[in-house]
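In what follows, a structure is listed as structure tokens, so that the remarks can point back to it.
The values are calculated or read from the model by the stated rules, or taken from the named source; none is laboratory data. All of these numbers come straight from a predicted model, not from anything done at the bench. Quick reminder, even Gly has a Cβ in these numbers, built from the backbone with ideal geometry, and neighbours come from all protein chains shown.
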Amino acid sequence: MKNEQISFERWRRFLEDFGLIICAAYAGLVLYWSMFPAIYYMEWILWVPGLFLVSTLIFGLQTFAIWLVSRWKKVPFRLKRIPLALAVLPVLVTILFVGKIPLRASFLLAKPTLEKAVREHADGLEQVSRRADYHYSGLYAIKKAEHRCGRKDRIFFVFRDDHESGIIYSESGIDNLCYNEGSSGHLMGKWYWMKED
């Protein structure tokens, strides 16, 4: 009976850890996508609530699997550890998402390169898209930089993989952006983000 109990404990620990790893991997994916403006328009509807769904599903499947193992090993069923992480992880990711912390962090990585591009090429932006050292700014792959809305003080850095998303440098804010508005917001200083509809 003691061997069965030890075997059950190993299975229980494995199932609990495996469930947590799957939930953490999904949460990591959500945090990664949260580093880009696109998710803050409509994509969050799939990703963020999906994390709560995945967490709940994992807890249910994990509990059922542990119950099956307890029947197989003929030991009393119990969840030794309350799966607090499965509840806390989605809440923590949601708080980070709502505060746009991942987006701001990814922007901080790109900021030095983008500021250099603004300083060196504000009047000749076609050079920004041709220069290899501007193609990648932190996590962002920049396709082009351009003035929009007839404003010389407003520069759009458009992403290569999502031409409807970008980072904006603007000395006059982002009112009247003259684009197909989806979602936009302030990052810091004269920097903003946008995602077209």
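Do you know which residues across segment 54-78 are of a type in the set (Ser, Thr, Tyr) and surrounded by fewer than 15 Cβ atoms within 10 Å (Cβ to Cβ)?
56
Would you point out the residue of segment 111-142, among those that are part of a helix (DSSP H, G or I), hydrophobic (A, V, I, L, M, F, W, C) and modelled with pLDDT under 55, that is nearest to residue 37 (Cα to Cα)?
128
With the condition kept exactly as written, say whether any residue in segment 79-88 is surrounded by 18 or more Cβ atoms within 10 Å (Cβ to Cβ) and either part of a loop (DSSP other than H, G, I, E, B) or out of contact with any helix residue (DSSP H, G or I) (no Cβ under 8 Å at 6 or more places or on another chain) (or both).
Scanning segment 79-88, I find at least one residue that is surrounded by 18 or more Cβ atoms within 10 Å (Cβ to Cβ) and either part of a loop (DSSP other than H, G, I, E, B) or out of contact with any helix residue (DSSP H, G or I) (no Cβ under 8 Å at 6 or more places or on another chain) (or both), so the answer is yes.
What tally of residues in segment 15-31 results from selecting those that are in contact (Cβ under 8 Å) with a residue 60 or more places away in the chain and surrounded by fewer than 18 Cβ atoms within 10 Å (Cβ to Cβ)?
Counting residues in segment 15-31 that are in contact (Cβ under 8 Å) with a residue 60 or more places away in the chain and surrounded by fewer than 18 Cβ atoms within 10 Å (Cβ to Cβ) gives 1.
Being over 19 Å from the mean Cα position of the chain (by Cα) and of a type in the set (Val, Ile, Thr) is the filter; apply it to segment 62-116 and report the residue that is farthest from residue 159 (Cα to Cα).
Only one residue fits best here, namely 75.
Read through the list (1) within 30 Å of residue 159 (Cα to Cα); (2) among the basic types (Lys, Arg); (3) buried (at least 17 other Cβ atoms within 10 Å of the Cβ), then give the number of the only condition that residue 119 fails.
All conditions pass for residue 119, except number (3).
Can you name the residue in segment 39-53 that is of a type in the set (A, V, I, L, M, F, W, C) and buried (at least 20 other Cβ atoms within 10 Å of the Cβ) and, of all such residues, is nearest to the chain's Cα centre (by Cα)?
39
Check 70, 55 and return the single one that is touching a Cys at 6+ places or on another chain (Cβ under 8 Å) and either more than 30 Å from residue 197 (Cβ to Cβ) or assigned by TED's automatic domain parsing to the domain that holds residue 6 (or both).
Exactly one of 70, 55 is touching a Cys at 6+ places or on another chain (Cβ under 8 Å) and either more than 30 Å from residue 197 (Cβ to Cβ) or assigned by TED's automatic domain parsing to the domain that holds residue 6 (or both), namely 55.
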